[in-house]
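Below is one structure, written out as structure tokens, with a few remarks after it.
The values are calculated or read from the model by the stated rules, or taken from the named source; none is laboratory data. In this text the structure is predicted, and so the values were computed from the model without any measurement. No Cβ is skipped: glycine too gets one built from the backbone with ideal geometry, and neighbour counts run over all protein chains shown. Accessible surface areas use protein heavy atoms only, side chains included; no ligands, DNA or RNA. Shrake-Rupley method; radii C 1.70, N 1.55, O 1.52, S 1.80 Å.
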Amino acid sequence: MSMTPQSVRVLFFCIFILLLVLQSAYVPIRHSGVRALFVRSVLVAITSCLLYIGTYPGFFGADGIFLTRAFNGLYFAVTALLPWMWLVYMVRRVFIKPSLSTWIRILISLPVAFFAVASILSIWNGWVFYVDAADGYMRGPLYLPYVAILGVYLLVPMFGCLSRAFNKRFYVDRSMYLSLSSFGFFTIVGMTLEVFFPDLPSSAMGMALTLLTNHLSDQRGQVSADPLTKLNNRNQFNIYLDRLIQNPPVEGKAYLFVLDMDKFKHINDDFGHMKGDEALLIVSNVLKKVCGPKGHFISRFGGDEFVVVAKYNGEQECDGLVQEIKAALAEASANFVCPLSVSIGYDAVKESGETIPDLFNRADKKLYKIKKSR
């Protein structure tokens, strides 16, 4: 790391960006949720940048060679934690694994622990780096393996997200997975550039850009997604349907399906609201599984109501979707505290003079006509 005054300025800018992210995303670090894990990652990134500044040649004066070595060792040790924390964060956020088995945690932690210890010991033995008598930074024999291992920690979740993005089963969340897959890319590019241009703090820039884009994406998701089910919210539904009404499909017709859970109030009353939330998640997952691969738009409208917007050639195909949803829900709720079912009404978008309230009212009336007939 052949630091220059320009490099120090870049690092201070990265710290400024990370402090803004921290201020916006902050939750107490003692919390155990995904957001708290993200905040810890930001704090580690800020610490890494501050330690990086301490590696500047001559920062501690002519007699501060040991301090320069110490800051280099701490910088490499702390930076090794970031890709590991990113992997754990992605597993928790994307693959929804609240906890990993002890052996898996140990296995994925061993390489990081090894290089963190090797970085500290490099203060004396020069394994990852060493500082010569002129206070100049030099790379040790373990430097390239260090970079390669950290790259693996970033590549694993990146390719995991890409595989889901192109899997029809996760079609509804495709844009989210594509966005998340790009996050590790910035840090990998930054680390690679730093191998060839050691005077450029590109790894710190990559980390800051990764955390910033992740936070912005998360903020956008909170605006457009339902907090519980992660489906599109009512506002996104209105935007999508309005555009569809203005630009109807060339072939076939657009249909609005309104779904209402049967006896949802009894689930809350008899089994509690936690089970009610679980029931809503079962329904939302069924809709993702059935409607997602077909490219249909899915949204939670409110309460126990969901909506689906689909393009079909006629009511026969619509009835087929209704039956498919009901059959999938019966199977998915087989081990739930009670069987789950939904009533579904639908209607087609008129060719002219259509409005969202009129379309919704027509589908909603058919829905409640079905409910009353039972």
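Considering region 240-259 alone, what residues qualify as being touching a strand residue (DSSP E or B) at 6+ places or on another chain (Cβ under 9 Å) and either in a helix (DSSP H, G or I) or exposed (fewer than 11 other Cβ atoms within 10 Å of the Cβ) (or both)?
Result: 240, 241, 244, 245, 251.
Just checking, which of 300, 362 is closer than 18 Å to residue 237 by Cα and either in a helix (DSSP H, G or I) or of a type in the set (S, T, N, Q) (or both)?
So the residue among 300, 362 that is closer than 18 Å to residue 237 by Cα and either in a helix (DSSP H, G or I) or of a type in the set (S, T, N, Q) (or both) is 362.
I'm trying to understand the selection: among the residues of region 351-361, which are in contact (Cβ under 8 Å) with a residue 40 or more places away in the chain and of a type outside the set (A, V, I, L, M)?
Listed by number, the residues that qualify are 351, 354, 355, 360.
For residue 367, are the conditions met, namely being over 15 Å from residue 285 (Cβ atoms) and open to solvent by less than 30 Å² (accessible area, probe 1.4 Å)?
Against the criterion (over 15 Å from residue 285 (Cβ atoms) and open to solvent by less than 30 Å² (accessible area, probe 1.4 Å)), residue 367 qualifies.
Test residue 304 against the criterion of being acidic (Asp, Glu), touching a Phe, Trp or Tyr at 6+ places or on another chain (Cβ under 7 Å) and farther than 22 Å from residue 349 by Cβ, and give yes or no.
Criteria met by residue 304.
Considering only region 320-364, state which residues are within 20 Å of residue 283 (Cα to Cα) and either in contact with a Cys (Cβ under 8 Å, 6 or more places away or on another chain) or open to solvent by 80 Å² or more (accessible area, probe 1.4 Å) (or both).
Within region 320-364, 321, 323, 325, 331, 335, 339, 346 meet the criteria.
State whether the residues of region 59-77 include one that is modelled with pLDDT of 90 or more and hydroxyl-bearing (Ser, Thr, Tyr).
So far as region 59-77 goes, yes, one or more of its residues are modelled with pLDDT of 90 or more and hydroxyl-bearing (Ser, Thr, Tyr).
Within region 166-184, can one find any residue that is at pLDDT 80 or above and touching a Phe, Trp or Tyr at 6+ places or on another chain (Cβ under 6 Å)?
No - not one qualifying residue is present in region 166-184.
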